[in-house]
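Bear in mind that the values in this text are calculations on the coordinates, not laboratory data. Everything numeric in this text was worked out from a predicted model, so none of it was measured. Glycine gets a Cβ as well: all are built from the backbone with ideal geometry, and neighbour counts include every protein chain shown.
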Amino acid sequence: EPAFVAGSQTTDEVRQITAGLGYEGRWRDVGELSLGIQRTFYEKAVVRPSGALPVSEASPWLFNGTLSILAGSDLVFYGGYTKGLEESPVAPEIAVNRGEAPPAIITEQMDAGFRYAFTPALRLVAGVFDVRKPYFALDPTRVFRQLGEVRNRGIEMSLAGQITPRLSIVLGAVFLKSRVSGDQVDLGLIGPRPVGSIGRTVTGALNWDLPWVQGLSLDLAYEGTSDRVANAANAFVIPARYAAALGGRYRFELADKPATFRAQLASFNNAYGFNNIGEGFYYNLPRRFQMSVTVDM
């Protein structure tokens, strides 16, 4: 058996203080309005065994506002704008400047859409969005830094609720156009699509409470994705795939305590493929069967 000896650890410390004001107004049968302003003070320090890295600091003003309008008892339109602060990722181990914390990311998001209630228990939400923020990745010399700006535009939809008293559904889809702009793209040093971007994601689940056995339900889940970019140069692409799972749940009492028995055949189509985090890769789990018992004490 190998004798592992743990070395010195890297510490990652984030401090953030935020003060703000908000307003929320509601006009019965007309709509709602909310506004907010914040000032945040952000600091991130990374200390490696070899010494401290440069401290990342930011103190921006942040804003947000949303408006919703009631167009009827079943239909609501909404729109919003947010300027926010997002913690930047630390440079990965394969980077020349590994462990370094880039400056905090200032993001901007605009969205608009509608919510429609087919029934009190079944609702459809659809909208468009536009998100912009700095783009950090490895440059051709393996230095992790800002390479430009990324803009994510797309459409998102969801349908959730009960179709019948015993059959419920959760269905969602995102269609995304993600593009990077900047000198690095113009010079052909990196590709126009950011690492990990997926053009289409569809997820869904059905749950059926069986009428013949009290407390027993069956469920079917699905997740499908289009291809995704695997490196900054756009030279590698992870192919599209889908995975499905079939399961069941039985609710009962154990020693007078609520309990649930759960069984699931996950990825029963045995879909094999890779995922990526930054420019690192890992593969998804194959077909598997799992069981669990949960008791509320």
Number of Lys pairs in the chain closer than 29 Å at Cα, excluding neighbours under 8 places apart unless interchain, is 5
For the range 27-38, 3J(HN,Hα) per residue [Karplus equation, 6.51 cos²θ - 1.76 cosθ + 1.60, θ = phi - 60°, Hz, x = Gly/Pro]: 10, 4, 6, 10, x, 9, 9, 9, 9, x, 9, 9
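Starting with the highest mean, order 174-181, 68-75 by the number of other Cβ atoms within 10 Å, averaged over the residues of each peptide. Spell out each step's value before the answer.
Numbers: 174-181: 17.2, 68-75: 12.6.
Those peptides, ordered most packed to least, come out 174-181, 68-75.
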Would you please state which residues of the range 77-117 a label at THR18 would reach in this model, taking the label point 7 Å out along Cα→Cβ and a backbone N cut-off of under 17 Å? 81-89, 104-110
The local net charge around TRP208, scoring Lys/Arg +1 and Asp/Glu -1 for residues other than TRP208 whose Cβ lies under 10 Å from its Cβ, equals -1
Student exercise, the range 101-193 dipole from Lys, Arg, Asp, Glu Cβ charges, in Debye to nearest 20: 300
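Based on the Cβ-Cβ distance of PHE236 and GLU57, what FRET efficiency does E = 1/(1 + (r/R0)^6) give at R0 = 51 Å, to the nearest 0.05?
Details: r = 35 Å, r/R0 = 0.69.
Calculated value: 0.90.
I'd like the trypsin sites (Lys or Arg not before Pro) in the range 1-61 restricted to DSSP loop residues with at most 15 other Cβ atoms within 10 Å, sorted by number.
Numbers: sites: ARG15, ARG26, ARG28, ARG39, LYS44; in loops: ARG28.
Answer in residue order: ARG28.
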THR164 to LYS83: FRET efficiency via 1/(1 + (r/R0)^6), r the Cβ-Cβ distance, R0 25 Å, to the nearest 0.05? 0.05
Residues whose modelled amide H sits under 5 Å from the amide H of GLU100, counting only those 5 or more places away in sequence or on another chain, are ALA91
So what are the ³J(HN,Hα) numbers for the range 88-102, from phi and the Karplus equation (6.51, -1.76, 1.60; θ = phi - 60°), rounded to whole Hz, Gly and Pro as x? 7, x, 7, 4, x, 5, 7, 7, 4, 9, 3, x, 6, 9, x
Place +1 on the Cβ of every Lys and Arg and -1 on the Cβ of every Asp and Glu in the chain, take the dipole about the Cα centre, and give the residue among TRP212, THR225, GLY182 whose Cα lies farthest towards its positive end. TRP212
Distance between modelled label sites at PHE281 and LYS257, nm, 7 Å Cα→Cβ extension: 4.5
Label corresponding to Cα extents along the principal axes in Å when calculated from the structure given, among (1) 55, 39, 36; (2) 80, 56, 35; (3) 66, 64, 42: (3)
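Near TRP61, within a Cβ-to-Cβ distance under 11 Å, what is the net charge of the other residues, with Lys and Arg +1 and Asp and Glu -1?
Numbers: positive: ARG39, LYS83; negative: none.
That works out to +2.
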Residues whose placed amide H lies under 5 Å from that of ILE163, excluding near-sequence neighbours: SER168, ILE169
Summing +1 per Lys or Arg and -1 per Asp or Glu among the other residues with Cβ less than 14 Å from MET291's Cβ gives +3
Per-residue ³J(HN,Hα) for the range 140-148, Karplus 6.51 cos²θ - 1.76 cosθ + 1.60, θ = phi - 60°, Hz, x for Gly and Pro: x, 9, 6, 9, 7, 7, 6, 10, x
Would you please name the chymotrypsin sites (Phe, Trp or Tyr not before Pro) within the range 244-297 that are DSSP coil residues with at most 16 other C-beta atoms within 10 Å of their C-beta? PHE268, TYR272
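Tell me which chymotrypsin sites (Phe, Trp or Tyr not before Pro) from the range 1-72 have a DSSP coil assignment and no more than 10 other beta carbons within 10 Å of their own.
Passing sites in the range 1-72 are PHE4.
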